[in-house]
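Structure first, commentary second.
The values are calculated or read from the model by the stated rules, or taken from the named source; none is laboratory data. Small disclaimer: the values here were computed from a predicted structure and weren't measured. Neighbour counts run over all protein chains shown; Cβ positions are idealised from the backbone, glycine included. The protein model used for the area step is the full one, side chains on, heavy atoms only, and it has no ligands, DNA or RNA in it. Shrake-Rupley method; radii C 1.70, N 1.55, O 1.52, S 1.80 Å.
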Amino acid sequence: MSLTELHLALLAGAPRHGYDIKQEHDSWFPDTRPLPYGQVYATLARLQRDGLAEVVETRVDGGPERTVYALTAKGSARLRAWLAEPAAPTGVGAEEIVRKTVSALHTGIDVSGFVARQRAAHLRRIRDLQGTPPGAGPAERLVREHLIAHLDADLRWLELATELLPAPDDQPTVRSDERKPA
Amino acid sequence: MKPATLWLLAVPNVRASRTRAALVAMGTAAAGGLVLVTLALFRVPAFALPPRGSTANYSISYDPRYAGIVTSAETRIGVATAVLLVAGTALVLAWQAVSSGSARRHRRDQALTTTGATPGDLRRLGAIETAVAGAVGGLLAGPVYLLLWFVLGPAQPATSRLLPALAPADLIAWACLVPASAALAAAAGARSGTQLHRRPLSGWWWLALAIVALAGMFTLPQLGQGDRQLQVTLMSVAVTLLLLVALACGAPWARGKASRMSRRGRTTDLLAGGGLRALAGPAGRAAGVLLGAGLTTGVATVILGNILRQATDLGSGGHLTGIVLAAVAAGLAALAGLATITLAAVDDLLTNRRGLAAMAAIGADLALLQALQRRRLRAATIAPLVSGLLIGGLGYGALSVAGEPAASTDAWPLLIVGPAALALLLLANAGIVRLLRSRTREAIDPANLRVA
Amino acid sequence: MSTVQLSGVSHAYGRTQALSDVSLTVEPGEVVAVTGPSGCGKSTLLMLTAGVLRTQSGRIVVAGTDLAGADDAARARFRRRAIGLVLQFGQLVPDLSVRDNVALPLLLEGHRSADARAAADGWLDRVGLDVEPDTLPADLSGGQAQLAAGARALVAGPQLLLADEPTASLDTNSGRALLDLLVKTTVQAGGSVVLVSHDNAVAARADREIRLRRGTIAHQVALS
C-alpha cells in the first residue's frame, strides 16, 4: 500500500498539519475520492510511530489546536526509495504510476531519473509483450496487444504530465521553513 | 460564382505570381508586335514573278524604296511565314508562363473544389488571371511594333527596308489585337485551370502524323509547279503545318524518349529519364521549336551555299537579306524554345523541392543533379536541332535539284553551320544548368524535408 | 569502434537552438531509440548523423567518417555508402517509379541498372509492397510509400540505418512488420539502427532509449 509513501510526499514540500495534508492531497488528485480526515490522522500517527515523521510545532490560531508534522531523515529516505522504484508496468489498474508521478513532480525529487526509470520499465515490458512466443494463438496475441495499448497510454500520460506539470528543480526536501500559503 | 467573388479570388494569385503575369504579357506583346509586322508586310507593293524557267528579268520586282525580298510576292510570303513562326514561338513561351506555378494553383483549386467551386468556376478563375496579362500584352504590342517598324524601316537604307510607312491600318490592327490577345490569354488560362484527362494518342499515330506532315512539306510545293507564287504559298503552309505538328508531337515524343532513357542501363539516363517525363510537355514544345529553328537554318544554309557557288550579285543582297532574316528568326526561335524549357525547369525545381531534397539525402550531390539536368536538356534539344538541320538542308537541297537533272546544289556549308549551331546549343544548355544552380541548391536544402 | 560518435554537438536554425551540447555513441549491432516531444531536436539529431545537415559545432564521426570535416560532396558519398535513410514524409522522388526509387541508392553507387532493379524488386517483395513496380509515387498511399522507403533504406545493406517515424503512416500490424524487417536485416548484417519516434511501440524495439528534451539529452536507459 503506497498511501504511507504518498503522505511522505505530501509532507516533503514543507511541514504541514493534517488539514493542510488533506487539502494538498485533494489538489494533487482532484478527481479521486477526497482523503478522509480520519485516514490522514491515522496515517500521521503511524508515520510518527515508525519514526518517518515528527511533530515540529503545535499551533493554536484561535481555532482548534493543530499539530504540524515534518519528515524525518528516515522518512525522506523512505520517500526517495519509493520514488527510485518505477511503478510496476501493469498497464491496467495503474493507480500506482499516477501516485508516483504526481508525487515526483510535486516534490521535485529526481524527476528526470524517475521518468527515465518509469519509461524503461514500461518499454521493457512492451518489448517483452511484443515478442509473442512462437506458437501463440490469436487469443494470446490479443491479450498482449491490450496490455501494450495500456502501457502505451501510461507513457503518453507520463509525457503529458511532465509537460503540464513542470517539476521544481530537484531539491533536498527534508525540512524547509518556507511555507506555502494554505 | 459571382464576378466579384471571382475577382476577389483572382487578385491574390495575380499578386503572388507577378513574374507569371509579366512573362505572359511579354510573350503576348512580342507575338502581337510580330503579327502587326506581318500584316504591314502585305502593304508593301509587290510584283509577282514570272513562272520558273521563263527568261524574264528579275529586276522587274525592283522597287527603290524597299528590300527586294519583300517586293517579290513569292519571297514576301516566305518572310511573313518566318515572322509568324517567330511569333508562334513567343506564344509557346507565353503558354509556358501561363502553366507555370501550376502546382500551387492546383492546390488552391482543390481547396476551392472542396468548398464547392464548380469546374466552370475554376476555368473562369483561371481565365481572369491571364486575361489581364493578355490585354496588357496586346497593348504593349503597339510599342513593340513601333520599335520593329523603326528597326526594319527607317533605320535601314532604302533598299533594305522591309516595312512601309505607318498607316491607319496599323492602328486598326492594333485595336483588334488587344481584345484578341486578351481572349487568347483567357482561353489559355481557362485551359490551364482544368485538369484535362484526354486519352493521349498512341505514339504510332503521332509518328504517322509527322510523316504525313513531312511528306506534305516536300510534295505540296510540287503541286504548284509552274506557278511560283502558289508554290511558295504552299511551301509556307506546309512548313507551318509541319511546325504545328512538331509542336503537338513534342510531348509524346519526349515521353517516348523518357521511357527509352529509363529503360537504358546508364544511371544518368535512367534518372534523367524520370525528369524528362515530368517535363514532357514543355520539353516537347521546346523540341518542336528547335526542330523548326533547325529546319530554317538548314534551308538557309543550303541556299547560302547555292548563292556562294553562283557568286553573282551578292552585293544587291536580296537573298542575303532573306538569309540573315532567316538566321535571326531561327536564333530567336531557338532562344524562345530554350527559355520555355528553362521556365519549366525552374517551376519543376520549386514544386519538386521535397523529392529533390530526399534524393540528395540519399546521396545525390549537387554535381549529380546538375548532370541530370544537363542530360535532360540535351535529350530534349540536340536531336530536334540536328534532325531539323539535316531534314531542312538535305531536303531543300534535294528539292531544288528535283526535276532539273543538270542542276546541282551545294550542301557543304552545312558542315560548318551544323557543328557551329550544335556548339551554340551545348553552350546554351550549359548556361541554363549554371542559371539553375542556385535554385537547385535551394531545392536540395534539408529544410525541405521537414515540411509535411 | 563505435558506429556513431557524437561529442558536444549543437545545432541551430537561425536563432532557434535545436540541439545543445549532445554527446552519444551507438555501438555496432545496437538498436537505439531517440524519443522526445515534438520539437525536442530528434529529427535534427538524425539529419546530422546522416550527414544531411552540415555539422555546425561539435564532432560527429559515423562509420569511420568524420562528418564535421566533410564537404557536401563527401557527405553525399558517405550517405550512399554507409547510410540507409527512412524519412517521415515525401521521401520518394516523384519522377521515378517505385522500383527505381528503391534502386536509387544502388544506382547512385554506380551499380548496373538491371542488377539494381532486380535487387529493388526483391526488396519490394520482402517489405510486402504489392504494387506494379512501375507505379509512380503519386499513385501510392502514404503507407505504401513508407514501405517503399523502407525497402530503399535496406537495398544497399547500410552500416547504419536511420529511421524517422518509420511507421507513422502504417497500421499497427504492417508498422511492426516493417520495423522488424528494418531492425533484423540491419542488425544481422552487423549494422546499427537509430530509430527516431514518439511512438512507444517503436521505442520499445530498441536496446537503449535516448530521450531528448529541449535539445539536450534528458536521459539514456538500457532496455534490453
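Express in nm, to one decimal, how much length is gained between C:Ala74 and C:Gln17 on full extension, taking 0.36 nm for each residue of separation and deducting their alpha carbon distance.
Fully extending the segment from C:Ala74 to C:Gln17 adds 17.9 nm.
Taking amide H atoms as placed 1.01 Å from N in the peptide plane, list the residues 5 or more away in sequence, or in a different chain, whose amide H sits under 5 Å from that of B:Ser72.
Under 5 Å from the amide H of B:Ser72 lie the amide H atoms of B:Phe47, each far enough along the sequence or on another chain.
Express in Å², to the nearest 10, the accessible area of A:Tyr19 obtained by rolling a 1.4 Å probe over the protein heavy atoms while all chains stay in place.
Roll a 1.4 Å probe over it and A:Tyr19 shows about 80 Å².
Can you tell me how much longer the chain between B:Thr19 and B:Ala447 gets when fully stretched, taken as 0.36 nm per residue apart minus their C-alpha distance, in nm with one decimal?
Result: 151.6 nm gained on full extension.
Taking only Cα atoms, what is the 0 to 90° angle, nearest 10, from helix C:142-154's long axis to the longest principal axis of chain C?
80 degrees
What angle, in degrees between 0 and 90 and rounded to the nearest 10, separates the Cα long axis of helix B:353-362 from the longest principal axis of the Cα atoms of chain B?
70 degrees
For the pair B:Cys176/B:Arg65, report the inter-label distance in nm, with labels modelled 7 Å from Cα in the Cβ direction.
Inter-label distance under the simple model: 2.3 nm.
With a probe of 1.4 Å, find how much accessible area the stretch B:249-452 has per residue, and write the answer as a whole number in Å².
Result: 41 Å² of accessible area for each residue.
Seen from all sides and averaged, what is the projected area of the convex hull of the Cα atoms in the stretch B:249-452, in nm²?
13.3 nm²
What number, rounded to the nearest 500 deg cm²/dmol, is the helix-based mean residue ellipticity at 222 nm of chain A, given -39500 (n - 2.57) per DSSP H run of at least four residues and division by all its residues?
Helices in chain A give a 222 nm mean residue ellipticity of -19000 deg cm²/dmol.
For the protein assembly as shown, what is the percent of antiparallel DSSP beta bridges, rounded to the nearest 5?
60 percent
In debye, nearest 20, what is the charge dipole magnitude of the protein assembly as shown about its Cα centre with +1 on Lys and Arg Cβ and -1 on Asp and Glu Cβ, if you could check?
1400 debye
Once phi is turned into ³J(HN,Hα) by the Karplus curve 6.51 cos²θ - 1.76 cosθ + 1.60 with θ = phi - 60°, what whole-Hz value does each residue of the stretch C:56-72 show in order, with x for glycine and proline?
Karplus-based 3J(HN,Hα) across the stretch C:56-72 equals 8, 8, x, 10, 10, 10, 10, 6, x, 9, 7, 6, 4, x, 9, 7, 3 Hz.
I want the local charge near C:Ile60. Using Cβ-Cβ distances under 12 Å, sum +1 for each Lys or Arg and -1 for each Asp or Glu among the other residues.
+2
Quote the total accessible area buried by chains C and B together, excluding ligands, DNA and RNA, probe 1.4 Å, nearest 100 Å².
2300 Å²
Compute the acute angle (0 to 90°) between the alpha-carbon long axis of helix B:267-278 and the principal axis of greatest extent of the alpha-carbon atoms of chain B; round to the nearest 10°.
With rounding to tens, the tilt is 90 degrees.
I want to verify the translational diffusion coefficient of chain A in µm²/s; compute it with Stokes-Einstein, Rh as the Kirkwood radius over Cα pairs, at 4 °C and 1.567 mPa s.
It comes out at roughly 73 µm²/s.
Using only helices, what value at 222 nm comes out for chain B when you add -39,500 (n - 2.57) per DSSP H run of length 4 or more and divide by the total residues, to the nearest 500 deg cm²/dmol?
-27500 deg cm²/dmol
Once the Cα gyration tensor of the protein assembly as shown is found, what semi-axes does its equivalent ellipsoid get, as square roots of 5 times the eigenvalues, in whole Å, sorted largest first?
Three semi-axes, in Å: 78, 30, 21.
Roughly what would the spin-label model give for B:Thr268 and C:Asp121, points 7 Å off Cα along C-beta, in nm?
Label at B:Thr268, label at C:Asp121, 2.8 nm between them.
Could you give the nm distance between label points at B:Gln156 and C:Glu27, where each point is 7 Å from its Cα heading toward the beta carbon?
So the label points at B:Gln156 and C:Glu27 sit 8.6 nm apart.
Just the Cα atoms of chain B: what Rg and Dmax do they give in Å?
23.8, 78
Would you mind pulling out the separation of the Cα centroids of the stretch C:147-175 and the stretch C:36-65, in Å?
Between the Cα centres of the stretch C:147-175 and the stretch C:36-65 lies a distance of 19 Å.
Using the beta-carbon distance between A:Ala45 and C:Val131 and R0 = 56 Å, what value does 1/(1 + (r/R0)^6) give for FRET efficiency, to the nearest 0.05?
Efficiency at R0 = 56 Å is approximately 0.20.
Mind grabbing the base-10 log of I(q)/I(0) for the stretch B:230-306 at q = 0.18, 0.21, 0.28 Å⁻¹? Debye formula, identical points on the C-alpha positions, no solvent, two decimal places.
Results for the stretch B:230-306 at q = 0.18, 0.21, 0.28 Å⁻¹ read -0.76, -0.87, -1.13.
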